[in-house]
Structure formats: structure tokens, C-alpha cells
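Novice: This is the structure, below, for whatever I ask next.
Please treat every number below as a calculation from the coordinates, not as lab data. From a predicted model like this one, the values you see are computed outputs, not experimental measurements. Here the Cβ positions follow ideal geometry from the backbone for every residue, glycine too, while neighbour counts run over all protein chains shown.
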Amino acid sequence: MLEPVFLDRDGVINENVPAYVRSVDAWIPIPGSLEAAASLSTAGHPVIVVTNQSGIGRGLVEASVVEEINALMSERIRALGGRLSGVYCCPHRPDEGCSCRKPATGLVDASRRELGLPPGGWLVGDAVSDMELGRRTGLTTILVMTGRGAVQSRLCGPESEPDFRAGDLAEAARLILGARRTACGRTR
Ligand SMILES: [Mg+2]
Ligand SMILES: [Zn+2]
């Protein structure tokens, strides 16, 4: 099994909405992102979405709507010949002190356990919290400039400095796929 690739959802796969994606209609894929996710999975990488959705815990978004959006996202990627191995979601508010709200590691830990993923891999996100999560879980991190990325990029500190920056998920996917080719070239 190739290294898993963890993707944040809002701001990476779909346009970020400051006050939460509250309806299926408000879920707008970023151009090229679904194709990029599909390309990673067809190349053999398990692709897992890890997303904070505290709008649920705040009572602003129905959990069923989030599930519906995640199902649509999976279906759209499947239609492109790809596959998501899992979508892991934290529904809690920050004050609930759960162990799954990024940068806590619960979502990555659960997916590794449930899907039997090998250690290591990549994490693509648009926020400092994603980069921190990646650091804590031993993933190579890529900060994209879509969504909140351009603003968040300036807020990265020693605990959250990304390994790479990319314009969008399409560029991040090319980087990941290219890194594998380079690695293979070195070992042969
Ligand atoms: Mg995000
Ligand atoms: Zn949580």
C-alpha cells in the first residue's frame, strides 16, 4: 500500500465558506480539486478526508447535511475514476475539548486504525491547524493557497511550518506523485 494522503475538505477540495458550508448548494468544488483527489487514488494512494465541522456542534449545520455533502464529494470523485478511502469528521465545538478536532490527532489516529494504513504519508490543508496535525502525526505537510491558505500561510510558526507550499490541490497532487517517482528513481 502506498503512503496515505490526508486531505482537509473546506478550502482544499471545496471553496471555504467563513460561516460554514451549511447546505449542499453551498458546496462548490475548487476547479481541479476533485480530479486531483481522484488522481492520487488511481495512482494507489489511500485518500482520506479529515475535516473539522464545528458548525454541527454549534447547532448551525445539520449533521445530516454534512453527511450528504461528504457523500456527494465521494460520489463526484468516484465518477472521475477515483475513490476516497474514508471521510473523517469532527463535529465538536472547540470548548468541548474533544480528541478529534484538528490539530488534535483523533481523526488521523482513527483512520489509521480502522483502515489499517501504514505510518507516514502526506497531509494537504489550508490552515495552521492542519499543518500542526501533520507535524504531530508524522506526515509531510503541504499548505495550499486556496481557501484560507494565503492568510494562514503568514501565521505558521515553528510547530506548523509546512514542508511544502502549493497553489492548490492540483499542484499538491502533482508534487506528491512526482515525489514518488523521484523516490523510485533513486532506489532503482
Ligand atoms: Mg480548511
Ligand atoms: Zn471532535
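Novice: Fewest Cβ neighbours within 10 Å first, please rank 45, 92 accordingly. Mind dumping the intermediate values first?
Specialist: Values: 45 23, 92 20.
With the fewest neighbours first, 45, 92 line up as 92, 45.
Novice: Also, I was wondering about something else. Compute the long axis of helix 169-187 from its Cα atoms, compare it with the longest principal axis of the Cα atoms of the chain, and write down the angle in degrees, 0 to 90, nearest 10.
Specialist: 30
Novice: While we're on this one: Using a cut-off of 14 Å between beta-carbons, work out the net charge of the residues near residue 133 (Lys and Arg +1, Asp and Glu -1, residue 133 not included).
Specialist: Numbers: positive: 9, 101, 102, 112, 135, 136; negative: 8, 109, 126, 130, 132, 159, 161, 163.
Cβ neighbours under 14 Å give a net charge of -2.
Novice: What is the set of long-range amide H partners of residue 88 at a cut-off below 5 Å, with H atoms built 1.01 Å from backbone N?
Specialist: Hits under the 5 Å cutoff: 49, 50, 51.
Novice: Using the Kirkwood radius over Cα pairs, work out the Stokes-Einstein diffusion coefficient for the chain at 10 °C and 1.306 mPa s, in µm²/s as a whole number. Walk me through the numbers before you get to the answer.
Specialist: Details: Rh = 16.4 Å.
Estimated diffusion coefficient is 97 µm²/s.
Novice: Percent antiparallel among DSSP beta bridges with both residues in the chain, to the nearest 5? Don't jump to the answer; show the numbers that get you there.
Specialist: Values: 1 of 20 bridges.
That works out to approximately 5 percent antiparallel.
Novice: Which order do 145, 73, 131, 1 fall in if you start with the one that has the fewest other Cβ atoms within 10 Å?
Specialist: Numbers: 145 17, 73 22, 131 28, 1 11.
Going from least to most buried by this count: 1, 145, 73, 131.
Novice: Note the angle between two axes, namely the Cα long axis of helix 33-42 and the longest principal axis of the Cα atoms of the chain, as a number of degrees from 0 to 90, rounded to the nearest 10.
Specialist: 50
Novice: At q = 0.17, 0.20 Å⁻¹, what is the base-10 log of I(q)/I(0) for the range 58-140 according to the Debye formula with one equal point scatterer per Cα and no solvent? Please give it to two decimals.
Specialist: So the normalised log intensities work out to -0.85, -1.12.
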